[in-house]
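The values are calculated or read from the model by the stated rules, or taken from the named source; none is laboratory data. Quick caveat, the model's predicted, so the values are computed rather than measured. For neighbour counting, all protein chains shown are included, and Cβ atoms are generated from backbone atoms with ideal geometry for every residue, glycine included.
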């Protein structure tokens, strides 16, 4: 498995600090495991519209209104960096 942070010469890795009203550290919105991918695919299938970029505010609204979606990858533990 390729770990981007282990290859700083090949990949630019950054961090974005979300505004307080968009900050949900309890959510896991990365793709490290199969269940992570299932969640992201579900979000994508619900929000994607042809030739449009999915707005993060729409993702947040979707997850706030459908917290059961977060159960898809709730069994996945965050890895230590």
Fill in: Neighbours by Cβ (under 7 Å, 6+ apart or cross-chain): first from segment 1-29, within 24 Å of residue 42 (Cα to Cα); second surrounded by fewer than 10 Cβ atoms within 10 Å (Cβ to Cβ) and at pLDDT below 90
28/78
Worksheet item: How many residues are modelled with pLDDT of 95 or more, outside any loop (DSSP other than H, G, I, E, B) and closer than 30 Å to residue 80 by Cβ when one looks only at segment 38-56?
Response: 7
Response to the item:
Selection from segment 26-37 of residues over 9 Å from the mean Cα position of the chain (by Cα), assigned to a loop (DSSP other than H, G, I, E, B) and within 15 Å of residue 79 (Cβ to Cβ) yields 32, 33
Worksheet entry | Search result, residues across segment 1-25 that are surrounded by 10 or more Cβ atoms within 10 Å (Cβ to Cβ), in a loop (DSSP other than H, G, I, E, B) and at pLDDT 85 or above | 23, 24
